[in-house]
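Below is one structure; the comments refer to it alone.
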Amino acid sequence: MVQFFKKTNFNFIGFSKLAIGISLAFVLVSIVFMFVHKGLNFSVDFAGGTLIQVKFEKPVRDDLGKIRSIVSDLGLGSPEVKTIGQIINNELQITVAKQESELTNVTNIIRDALSKDYPENSFDIRRVESVGPKIGGELKRDAIIATILSLIAILIYVGFRFNLPFGVASVIPLFHDVLITLGVFIIFDLEISLTFIAAIMTIVGYSLNDTIVIFDRIRENMRGGLKGRKFPELVNSSINQTLSRTINTSVTTLFVVSALYFIGSEAIKDFALAMLVGVIAGTYSTIYIASPILIFWHNKKPITK
């Protein structure tokens with residue numbers, strides 16, 4: 001592996017209190033924005049309803065209010081209308097609370113209404129998704145259970161592979177990464193969908209892998225004894241020794257995820273954005289959250305190798 005950072009001695013641990021303060025401030029800002037936006041912006045996957053993606057032949061970017069009013073008058077529930085992708089694509093996403101059924105063909109109702117008001121601007125229905133409120137609730141519950149169970153499994157796995165302090169110090173940063181990623185989606189009022197949950201699970205795996213690499217080096221260095229050094233110095237030294245590997249992995253992953261976000265289709269943009277934030281947060285938390293927790297534990301009760 002190419003090593004861009006050889007024999008570095010950055011004082012990462014010296015900035016850990018400042019880093020933790022920044023993380024807490026970001027979480028607080030996210031909570032404030034959640035109240036501003038009146039809760040999380042759940043997609044059709046969880047809230048139930050119908051999502052319709054429409055591509056017009058001519059520009060409609062100045063008609064969002066008009067289209068929202070047209071759909072609102074159809075009695076399908078309060079609609080959300082927004083452009084998706086590049087503006088020149090003339091694509092809209094319309095979401096309503098009413099779901100498709102044998103009695104209510106939401107797609108045809110909206111198609112007929114738009115055809116009536118836009119006779120000179122033809123359009124195609126490119127995607128229709130419909131989920132009932134009951135199924136949406138079950139999906140939301142299953143997603144929460146899956147996330148909690150995976151974190152418990154990680155705690156048990158790392159606890160057995162290392163010991164309890166390492167297990168706890170590896171799981172808490174995962175909560176941090178999830179909260180930071182969720183915070184970005186809250187601040188920008190982006191949809192929380194099944195795609196977002198898939199990204200969160202991927203981030204958890206990525207962040208854990210990064211943390212274990214540093215923990216492995218810490219344990220290896222502990223076997224040789226502290227040799228007159230304090231435990232924080234040993235941890236800081238271990239982070240520096242694995243810095244090249246951490247940077248190489250993070251940068252190459254960011255290249256791929258950035259390509260998905262900027263070049264990929266609209267369907268995977270939320271996944272790619274969550275991964276972008278998660279990879280950065282995961283790298284950051286491995287250094288500034290996981291390692292300080294280990295030091296805090298060691299100060300209270302010395303950790304054995």
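The values are calculated or read from the model by the stated rules, or taken from the named source; none is laboratory data. Values in this document were obtained by computation on a predicted structure and should not be read as measured data. Here Cβ is always computed from backbone atoms with ideal geometry, including for glycine, and neighbour counts include all displayed protein chains. Note: areas computed on protein heavy atoms with side chains; ligands, DNA, RNA excluded. Shrake-Rupley method; radii C 1.70, N 1.55, O 1.52, S 1.80 Å.
Quick notes on this one:
- The accessible surface of the range 173-263, taken with every protein chain in place and a 1.4 Å probe, is 67 percent carbon and sulfur.
- Over all orientations, the range 25-122 has a Cα convex hull whose mean projected area works out to 7.7 square nanometres.
- Ellipticity estimate at 222 nm from DSSP helix runs (n ≥ 4, -39,500 (n - 2.57)) divided over the chain, nearest 500: -20500 deg cm²/dmol
- Top positive-direction residue, dipole computed over the chain with Cβ charges, set Ile247, Ser207, Phe166: Phe166
- Cα-based reach from Lys227 at 18 Å (exclusive), listing lysines while leaving out same-chain residues under 8 positions away: Lys305
- Computed with a 1.4 Å probe over protein heavy atoms only, the accessible surface of the chain comes to 53 Å² per residue.
- With the largest listed first and rounded to whole Å, the semi-axes of the equivalent ellipsoid of the range 88-184 from the Cα gyration tensor are 47, 17, 9.
- The chymotrypsin sites (Phe, Trp or Tyr not before Pro) of the range 1-105 that DSSP puts in a loop, and whose beta carbon has at most 13 other beta carbons within 10 Å, are Phe4, Phe10.
- Taking all C-alpha pairs of the range 120-278, those more than 20 Å from each other amount to 62 percent.
- Fully extended contour minus Cα-Cα distance, from Ser101 to Lys301, at 0.36 nm per residue: 65.9 nm
- Option label - percent of Cα pairs over 37 Å apart computed here, alternatives (1) 15; (2) 40; (3) 30: (3)
- Values of log10 I(q)/I(0), in the order q = 0.14, 0.15, 0.16, 0.26 Å⁻¹, for the range 34-87 under a Debye, Cα-only, solvent-free model: -0.48, -0.55, -0.63, -1.21
- Computed over Cα pairs, the Kirkwood radius of the range 117-157 leads via Stokes-Einstein (0.692 mPa s, 37 °C) to a diffusion coefficient of 235 µm² per second.
- Probe 1.4 Å - accessible area at Leu24, Å² to nearest ten: 110 Å²
- Zone residues, the range 276-290, relative to Leu18, backbone N less than 17 Å from point 7 Å out along Cα-to-Cβ: 284-285, 287-289
- Counting only alpha carbon atoms, the long axis of helix 106-117 and the longest principal axis of the chain meet at about 60°.
- Stokes-Einstein D for the range 203-257, Kirkwood Rh over Cα pairs, 10 °C, 1.306 mPa s (µm²/s): 131 µm²/s
- Helix 231-241 and the longest principal axis of the C-alpha atoms of the chain enclose an angle of approximately 60°.
- Here Lys98 is the anchor, and the aspartates and glutamates within straight C-alpha reach of less than 15 Å, apart from those fewer than 8 places off in the same chain, are Asp45, Asp73, Glu80, Glu129.
- Placing unit charges on the Cβ atoms of the charged side chains and taking the dipole of the range 1-71 about its Cα centre, the candidate lying farthest along the positive direction among His37, Pro59, Phe26 is Phe26.
- Size of electric dipole in the chain: Cβ of Lys, Arg +1 and of Asp, Glu -1, about Cα centre, debye, nearest 20: 1940 debye
- In the structure shown, the pairs Lys55/Lys269; Lys7/Lys300; Lys58/Lys82; Lys230/Lys300 are assessed against 20 Å; a Cα-Cα span above that value is assigned to Lys7/Lys300.
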